[in-house]
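Q: My questions will all concern the structure given below.
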Amino acid sequence: MKMPRPPWLLVLAVLALHLLLGHEVQRIHEGWISEGPPPMPARMQVTLVREMQLQPPAPMHAAPPPPPQRSKPKPAPVERRSQAPAKPASAPEPVAQPASVPEPLAQAASAPAEVLPPVAQAASAPTDGEPGPEWPLSTRLSYVLTGNYRGPVYGQAQVEWLRKGSDYQVNLDVGIGPSFAPLISRRMSSQGQLTPEGIAPQRYDEETRSIVGGGQRATVFFLGAEVQLASGVRETALRGSQDSASQFVQLTWLFLTGREPLQAGRVVQFPLVLPRRQYAWQYEVLGEEMLDTPLGPVGTWHIKPSRPAGGGDLTAEVWLAPALQYLPVRLVIRQDADTYVDLMLKSAPLQAAPESTDIPRRLLQ
């Protein structure tokens, strides 16, 4: 009895279909891999030419005085009056128009909300669109790293504050292990614009690499009225929001300009956007502390978050030095009680040359 022959044509058709589907699945998979997160932004190229020296804190520069008033026509001699001389029209007048804390921020804060000093004065905006002289020059700070991650860890770190005109970039690089071959490294990068209201981030990137576990990336985009978190979820953005890296320079700017007074017990508030969620963030000024540094003893102000973040987000406490333009001499970055790194200034910070010769020299020392 003859067996029926298999339908070879049908078998070939099925095999071809499987090959085609397999190729298509591979193509889609490769497409997913290639799309991935956007690449880390290129570092802003700025030449650093000199070491910073300890200097007395510069005078506050909250807002420039109002323009001199036009002098009125003098009265005729027969109408002279014996009055005391008037105050010169060019003398600085105090500007005190406190702006209230944004309602969502005030409601979410656990501590009593204080009225914040104004951070957006029309008179303080440079007429040419460039940032004012209160912003520090491009600076690199190098740190010795100690901490704990499943045991004691050692390494190095650096913070770069870079700016060209109204564009800025903040880079925080942390390496655990030897500098030539770190076991774990993390780069945190923020870039955006300098405005009369402070730093306005446009993008934040966070990349972690390990010699055994590959790498992880997280990117946050600031899209005007919205912010896109690392998960891709979009949420309404609060005015004045900062990211993990920009917040340190925003604090420097607030204290350097006197928009926030440095007083023990003072609470500084602003919205903070971390990769996983947004926070109505609060920093408390704990008080003054003297730290030993390669430049000698340096007076600092210790500032600490009022509460920890959740869900694995990092928090940081900072020691700002008025004699070094309120830049951070020490940083402690925590993931939880047992996982943290402690960064201590390793050498004198390096700064760029002034961008304009008309900036007062005392602001650039």
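Q: Which condition number in (1) touching a Ser or Thr at 6+ places or on another chain (Cβ under 7 Å); (2) at pLDDT 90 or above is the one that PRO308 fails?
A: With (1) touching a Ser or Thr at 6+ places or on another chain (Cβ under 7 Å); (2) at pLDDT 90 or above applied to PRO308, the lone miss is (2).
Q: Continuing with this model, one more query. Would you mind telling me which numbered condition in (1) in contact with a strand residue (DSSP E or B) (Cβ under 6 Å, 6 or more places away or on another chain); (2) farther than 17 Å from ASP243 by Cα THR219 fails?
A: (2)
Q: Now for a different question. Could you pull out every one of the strands (runs of 3 or more DSSP E) wholly within segment 246-358 that has 1 or more residues that are in contact with a His (Cβ under 9 Å, 6 or more places away or on another chain)?
A: Answer list for segment 246-358: 278-293, 315-321, 327-336.
Q: Condition first: in contact with a Phe, Trp or Tyr (Cβ under 8 Å, 6 or more places away or on another chain) and over 22 Å from ALA348 (Cα atoms). Now tell me which residues in segment 169-187 satisfy that.
A: The answer is GLY177, ILE184.
Q: May I pose another question? Restricted to segment 194-214, and to residues that are out of contact with any helix residue (DSSP H, G or I) (no Cβ under 6 Å at 6 or more places or on another chain) and under 27 Å from GLU260 (Cβ atoms), which residue is surrounded by the most Cβ atoms within 10 Å (Cβ to Cβ)? Full working, then the answer.
A: The initial filter retains those residues of segment 194-214 that are out of contact with any helix residue (DSSP H, G or I) (no Cβ under 6 Å at 6 or more places or on another chain), namely 194-195, 197, 200, 202-214.
Now restrict to residues that are under 27 Å from GLU260 (Cβ atoms): 194-195, 197, 200, 202-204, 206.
Values: LEU194: 21, THR195: 15, GLU197: 16, ALA200: 18, GLN202: 17, ARG203: 18, TYR204: 27, GLU206: 23.
Here the answer is TYR204.
Q: Shifting gears a bit: Counting only residues that are hydrophobic (A, V, I, L, M, F, W, C), modelled with pLDDT under 95 and under 23 Å from the mean Cα position of the chain (by Cα), which one in segment 278-301 is surrounded by the most Cβ atoms within 10 Å (Cβ to Cβ)? First the steps, then the outcome.
A: First, the residues of segment 278-301 that are hydrophobic (A, V, I, L, M, F, W, C): 280-281, 285-286, 290-291, 295, 298, 301.
Narrowing further to those that are modelled with pLDDT under 95: 280-281, 295.
Still in the list and also under 23 Å from the mean Cα position of the chain (by Cα): 280-281.
Numbers: ALA280: 19, TRP281: 23.
Within segment 278-301, the match that is surrounded by the most Cβ atoms within 10 Å (Cβ to Cβ) is TRP281.
Q: Separate question: Condition first: closer than 24 Å to LEU194 by Cβ and within 14 Å of the chain's Cα centre (by Cα). Can you find one or more residues in segment 224-238 that meet it?
A: No: segment 224-238 contains no residue that is closer than 24 Å to LEU194 by Cβ and within 14 Å of the chain's Cα centre (by Cα).
Residues checked against (1) over 21 Å from ALA352 (Cα atoms); (2) touching a residue at least 12 places away in the same chain (Cβ under 8 Å); (3) part of a strand (DSSP E or B):
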residue: VAL153; (1), (2), (3): yes, yes, yes
residue: ALA157; (1), (2), (3): no, yes, yes
residue: TRP161; (1), (2), (3): no, yes, yes
residue: ASN171; (1), (2), (3): no, yes, yes
residue: SER179; (1), (2), (3): yes, yes, no
residue: SER185; (1), (2), (3): yes, yes, yes
residue: MET188; (1), (2), (3): yes, yes, yes
residue: ARG203; (1), (2), (3): yes, yes, yes
residue: GLU207; (1), (2), (3): yes, yes, yes
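The values are calculated or read from the model by the stated rules, or taken from the named source; none is laboratory data. Predicted model only: the values in this text are computed from it and were never measured. So basically every Cβ, Gly included, is an ideal-geometry build from the backbone, and we count neighbours across all protein chains shown.
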